[in-house]
Every structure is written in structure tokens, then in C-alpha cells.
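To keep things clear, I will list the structure first and then write my remarks on it.
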Amino acid sequence: MFKAVISDTRNWKSSIDAIASILDEGTFIIDSDGMHLRAMDPSQIAMLDFNLPASSFESFELDRPIDIGIDFAEMSKITKRVKAEDKIHLSLDKRLGMTFKGDTTRSFKIAVIDAHSSPPKEPQIEFTSSAKIPPAIIKEALKDAELVSNHVALSIDDGFNIACDGDTGSVEIRLPEEKLLSLEKKSASRAVFSLDHLNNILKEAEPPSIVQVKLRTDAPLQISYSIGDSKLVYYLAPRIESM
């Protein structure tokens with residue numbers, strides 16, 4: 001038996017959209033601690049680790065741990081229909097029930113996908129630098145980079161840098177340490193990443209959340225931020241070729 005009530009509908013909607021921006025499907029693991037998800041994107045170059053604690057729900061009832069396979073495109077379409085004043089009631093029978101209770105009561109059922117595969121292991125990377133950045137600043141910088149290329153070099157030295165070079169020109173954006181919320185560096189680091197994936201990863205990052213980027217030269221990066229009580233940690237593999 002699983003029943004839960006969500007009153008923070010705005011952040012739930014943003015969390016589901018953040019998941020759906022890189023995952024077609026995945027398995028929610030629900031236990032006494034809350035709701036968890038770890039899965040790779042279809043291209044196998046990005047991974048998301050998502051956690052929503054049980055304490056963030058208005059009510060949370062569970063008699064045993066369960067796994068629920070979800071088509072996130074379908075869940076996102078339904079979640080977009082929730083109103084700010086609604087409460088979301090989740091339940092599980094043969095399908096996942098989502099009932100929106102507000103001025104009206106609207107009930108939806110989502111087919112549950114077979115969940116046989118184990119979650120991927122979390123990458124073990126010794127990052128050599130990290131920066132904390134307001135989400136608007138990094139998202140605007142990526143929009144600048146998008147004008148000339150579909151991939152971008154991220155680097156951390158005495159600041160945080162974004163650079164790209166395309167057929168029509170080049171872009172370089174530098175954020176000095178004093179403009180960052182924090183910067184830690186054991187050694188300088190640099191790697192090249194897909195701009196589309198970065199945009200999708202950061203799509204739902206909004207104030208008051210803080211984006212943390214961790215780098216190691218030519219290794220997968222880690223990007224993390226929160227949406228309300230939800231914690232999202234992404235890993236993205238670098239492009240092999242250098243810029």
C-alpha cells in the first residue's frame with residue numbers, strides 16, 4: 001500500500017519536468033525515507049540521481065518498499081494539468097493514481113512499466129574543482145554559447161569559464177571568483193560537453209536554488225541543485241574530441 005499527498009504542487013511539477021527533460025523512463029524507488037530515482041538517459045551519456053524526502057509530503061503512507069517504473073513523458077503531460085491551489089494525491093494499485101483535488105477533483109491513472117533492471121552505480125570521480133553559481137547566470141551564458149556551437153568547454157581556474165568555437169565565430173564568458181557564490185580548486189580543470197544536454201539539465205534550475213558544478217579535466221561533470229525539497233544530481237560524460 002502506498003498513499004501520499006503533495007501540497008507543494010509547483011515544485012513537484014518542476015521536479016517531474018526536470019526528470020523528463022533527460023529521461024524517457026525510469027524507476028522510482030519508494031521507501032520509508034522517501035522517493036528516489038537513479039537512471040541513465042537514452043544516449044547513455046547523462047545520469048540523474050533524484051531524491052525527495054518523505055518529510056516533504058503532507059502525508060506519506062507506505063507498508064513496504066516498492067519500485068514503480070514510470071514513463072516520464074506521460075507523467076509530465078499529466079502533471080502540467082495541476083493547478084497551484086490543488087493538492088496531488090498519489091496512490092498505487094495496478095497503475096499509479098494521481099488525483100488533483102482543488103475546486104474540482106480530477107483523477108488520472110498512469111500505466112506502470114516493468115522495472116527489472118538495477119539502478120546504475122553512482123560514478124566515483126575525484127573532482128579537482130567546483131563552483132557554485134546563481135542559475136540565471138549560467139543559463140544566460142549557455143544561451144550566448146548556443147549562438148555559435150552545439151558543444152561548449154567548461155573550465156575552472158581562478159574563475160568559472162565557458163567557451164566555444166563554431167563555424168561562424170567563437171564565444172568566451174568568464175565569471176571571476178568574486179562573482180561566484182563559492183569556488184574551490186585543487187587544480188585547474190577543463191572538459192567539453194554537449195550544450196543540448198547542459199540546457200536540459202539546467203532547464204528547471206531557478207532561484208532560490210544554487211547550481212553547483214564539479215569538474216575534473218576530461219572527466220564527467222557533476223551538476224547539482226534543489227527544487228524545493230527535491231535534490232537533483234546530474235552526471236554528464238564529456239565529448240572525446242577537444243576544442
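Some points to look at:
- For the range 162-181, the count of residues that are closer than 20 Å to L37 by Cα and basic (K, R) is zero.
- Subset tally (residues that are in contact with a helix residue (DSSP H, G or I) (Cβ under 9 Å, 6 or more places away or on another chain), surrounded by fewer than 19 Cβ atoms within 10 Å (Cβ to Cβ) and either assigned to a strand (DSSP E or B) or not β-branched (V, I, T) (or both)) for the range 33-55: 2
- Residue selected from the range 122-144 under the condition aliphatic (A, V, I, L, M) and part of a strand (DSSP E or B), by the criterion farthest from the chain's Cα centre (by Cα): A131
- Of the residues making up the range 206-220, those that are under 19 Å from I45 (Cα atoms) and either of a type in the set (S, T, Y) or over 13 Å from the mean Cα position of the chain (by Cα) (or both) are K214, L215, R216, T217, D218, A219, P220.
- Output for the range 145-169, where each listed residue is of a type in the set (V, I, T), outside any strand (DSSP E or B) and within 14 Å of L195 (Cα to Cα): V148
- Exactly one residue out of K94, K101, K121 is surrounded by 14 or more Cβ atoms within 10 Å (Cβ to Cβ), of a type in the set (K, R) and free of Cβ contacts under 8 Å to residues at least 40 places away in the same chain: that is K101.
- Among the residues making up the range 179-211, those that are charged (D, E, K, R) and at pLDDT 95 or above are E184, K185, K186, R190, D196, K203, E204, E206.
- Out of I30, I70, I78, I88, one residue alone is surrounded by 13 or more Cβ atoms within 10 Å (Cβ to Cβ), assigned to a strand (DSSP E or B) and free of Cβ contacts under 8 Å to residues at least 40 places away in the same chain. It is I30.
- Within the range 145-204, being free of Cβ contacts under 8 Å to residues at least 40 places away in the same chain, among the aliphatic types (A, V, I, L, M) and farther than 19 Å from Y225 by Cβ holds for L147, V148, V171, I173.
Yes or no, residue by residue, for (1) surrounded by fewer than 21 Cβ atoms within 10 Å (Cβ to Cβ); (2) touching an Asp or Glu at 6+ places or on another chain (Cβ under 8 Å); (3) among the polar types (S, T, N, Q); (4) in a strand (DSSP E or B):
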{"site": "V192", "(1), (2), (3), (4)": "yes, yes, no, yes"}
{"site": "P207", "(1), (2), (3), (4)": "yes, no, no, no"}
{"site": "A219", "(1), (2), (3), (4)": "yes, no, no, no"}
{"site": "S224", "(1), (2), (3), (4)": "yes, no, yes, yes"}
{"site": "L232", "(1), (2), (3), (4)": "no, yes, no, yes"}
{"site": "P238", "(1), (2), (3), (4)": "no, yes, no, no"}
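- Per the listing A84, A54, A46, A111, the residue uniquely of a type in the set (A, V, I, L, M, F, W, C) and under 18 Å from the mean Cα position of the chain (by Cα) is A46.
The values are calculated or read from the model by the stated rules, or taken from the named source; none is laboratory data. Since we're looking at a predicted model, the values are computed, not measured. Ideal geometry is used to build each Cβ from the backbone, glycine not excepted, and the neighbour counts take in all protein chains shown.
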